[in-house]
Amino acid sequence: MTADAPPGLADDPDLGDLFHAAFRGLRRRWTHELAPFELTPHQWRALNMLARGCGPGPPEGSGTTPEASLRLKQLADLLRIAPRSATEVIDQLETKELVERAPDPLDRRAVLIRLTPDGQELRSRIHQSRREQSTKYFGRLDSGERDELARLLGVLAGDEPVAHHR
């Protein structure tokens, strides 16, 4: 076993196992961090996706605010979950008054989902906290190692939807 390898890993560890172990540590921190806000990781992902502006936003001249809005199917596709699961997540967030449903001005049969001001504020607070946690977690790496890790993860992520951090 190498001196830098976590306990229980062989001399020639499987990259998938190493990646999973590293991600588990980060995910534990993030899940713990969401607990005071009474949010699940799925709810956080939905809030974050809406805040990132992945949707078309309101049509010009509609009189609505410029934040992004998504149809439920679009959100489900971006989160890579079933529409039924997305409905459950949005119902929970709507109960907490973090998102709202609004009629789509371009299609009266459709409904758009967008963050409320409370949802925007909470997302901003959690996003900042997560960035601080990530900075601490990845602080074990020097700047060059972080850049290389970001490059390699970008290659592996391919066309997966990810937030760009700068």
#### Entry: Number of the condition not met by Leu112 [criteria: (1) among the aliphatic types (A, V, I, L, M); (2) in contact (Cβ under 8 Å) with a residue 60 or more places away in the chain; (3) in contact with a strand residue (DSSP E or B) (Cβ under 6 Å, 6 or more places away or on another chain)]
(2)
### Summary
Sole miss for Pro58 among (1) surrounded by 19 or more Cβ atoms within 10 Å (Cβ to Cβ); (2) at pLDDT below 95; (3) within 25 Å of Arg24 (Cα to Cα) is condition (3)
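Conditions (1) surrounded by 14 or more Cβ atoms within 10 Å (Cβ to Cβ); (2) more than 17 Å from the chain's Cα centre (by Cα); (3) farther than 28 Å from Gly16 by Cα; (4) modelled with pLDDT under 95, marked per residue:
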position	(1), (2), (3), (4)
Gln74	yes, no, yes, yes
Arg109	no, yes, yes, yes
Ile113	yes, no, yes, no
Gln120	yes, no, yes, no
Ser134	yes, no, no, yes
Glu145	no, yes, no, no
Leu153	no, no, no, yes
Pro161	no, no, no, yes
#### Entry: Residue check for Glu88: surrounded by fewer than 20 Cβ atoms within 10 Å (Cβ to Cβ), within 21 Å of Leu39 (Cβ to Cβ), of a type in the set (Asp, Glu) and modelled with pLDDT under 95
no
### Message
Among the residues that make up the range 98-105, is at least one of them hydrophobic (A, V, I, L, M, F, W, C), modelled with pLDDT of 90 or more and surrounded by fewer than 18 Cβ atoms within 10 Å (Cβ to Cβ)?
### Response
yes
#### Entry: Total residues in the range 126-149, condition without any contact (Cβ under 8 Å) to a residue 60 or more places away in the chain and either touching a strand residue (DSSP E or B) at 6+ places or on another chain (Cβ under 7 Å) or part of a helix (DSSP H, G or I) (or both)
13
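The values are calculated or read from the model by the stated rules, or taken from the named source; none is laboratory data. All figures in this text were calculated on a predicted structure; none of them were measured in a lab. Cβ coordinates were reconstructed from backbone atoms using ideal geometry, including for glycine residues, and neighbour counts include every protein chain displayed.
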